[in-house]
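Here the structure is laid out as structure tokens; the discussion comes afterwards.
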Amino acid sequence: MGKIKTILGDNIRTLRVSKGWTQVYLADRLQITAPFLAQIESGKRGTSLELVESVAEVFEIPIASLFLEQMPNRAETKSHVRNIELKTAEKQLLESISENISKTFDRLMEK
């Protein structure tokens with residue numbers, strides 16, 4: 001078995017179990033069969049990137065987190081993503097404020 005398949009399968013199983021979902025339920029949501037999902041979870045079978053994307057969407061997590069050996073729990077993942085979003089918004093706001101101050105200063109200097 002490939003290490004990446006094992007990591008992906010373990011993470012999918014962990015997420016599924018944490019939700020209290022059966023393989024049948026998750027397989028239905030992903031539009032695959034339960035035996036196929038069982039093979040993915042056991043690391044015996046790889047899958048397409050499209051299905052990996054669907055798994056991430058179902059669990060509302062970043063795709064990359066499915067490949068982490070130590071996958072953060074859902075709350076930590078959401079918190080991390082939210083922190084990145086807030087830092088990006090802060091940077092954009094500071095740039096906008098700086099630009100507005102500069103424009104205002106230039107207008108005052110013209111008078």
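Some notes on this structure:
- Hey, R45 of a type in the set (D, E, K, R) and either assigned to a loop (DSSP other than H, G, I, E, B) or modelled with pLDDT under 90 (or both) or not: yes
- Enumeration of residues in region 6-42 that are open to solvent by less than 70 Å² (accessible area, probe 1.4 Å), over 14 Å from S54 (Cα atoms) and charged (D, E, K, R): D10, E41
The values are calculated or read from the model by the stated rules, or taken from the named source; none is laboratory data. The structure presented is a predicted model; accordingly, all values stated were derived computationally and were not measured. Just the protein is used for accessible areas: all its heavy atoms, side chains included, with ligands, DNA and RNA removed. Shrake-Rupley method; radii C 1.70, N 1.55, O 1.52, S 1.80 Å.
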